[in-house]
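Take a look at the structure set out below.
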Amino acid sequence: MDAIQSSHAKLLARDLLALTARPSCSSSSDPLTFSTRGGRPVSRAEAVGVVVTRDRRDKFLRFLLDDGTGCVPCILWLNYHHLLRLPAEGAAAAPAPIPRHLVGRSPSEIEMLGRVAEGHAERALLGALVRVRGRVTAYRGAVQLTVDGVAVERDPNAEALHWLQCFRLARRCYGMLPSPPPRPPPTGEFHPVTHASSVTVNKRKVPI
């Protein structure tokens, strides 16, 4: 597996939204795979920006993250308590479908993850500068970020640093930017005369 695919790729919004989605192979658990313009596979991403819209529902929190190059749709699932809810007495036993990343987890683990998700939702406030990590997914044909974590950035330079890191990684690791051209050889360099006893002017030596 590509090392970039299993890590959180630092991406600007314009590059995250430009990821190419393709149907995955039958052996994969995800219905879609995503890749950069350079062809590198990406499954997880990290973005830094300001929360500009926020829609809190019972089962999820949806918000937009603006980093100056675009707005990334983000969704944070808060439906863990619904997964733990027991069916009413006499009702048909129809358990709620368990998401792939929760299959095999115990009820106590799911409850703990629910409390963690609530904490992330409290950090994604309007106007907050946050760092978001999550899985790259698609909804109605549009790329979005299914959030795993939200962290508030206190450093005012965090967004600028993220931009620089994105540019550097896009060129060196993700194959999204061309490498800078080599520096041309220096021409017309001036070398001051320091130890010469004479210089030549019009084919005549002139003492210094």
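Quick note: the coordinates plus some simple rules give every number you see, no bench work behind them. None of these values were measured; they are calculated from a predicted model. Neighbour counts are summed over all protein chains in view; Cβ atoms, including those assigned to glycine, are modelled from backbone coordinates with ideal geometry.
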Practice item. Obtain the nm distance between the two label points defined at GLU111 and ALA151 by a simple spin-label model: each point lies 7 Å from its Cα along the Cα-to-C-beta direction. Key: 2.9
Review point. What shape does region 107-164 have by the C-alpha gyration tensor, where a ≥ b ≥ c are the square roots of the eigenvalues, rounded means a/c under 1.5, and otherwise prolate means a/b greater than b/c and oblate the rest?
Key: oblate
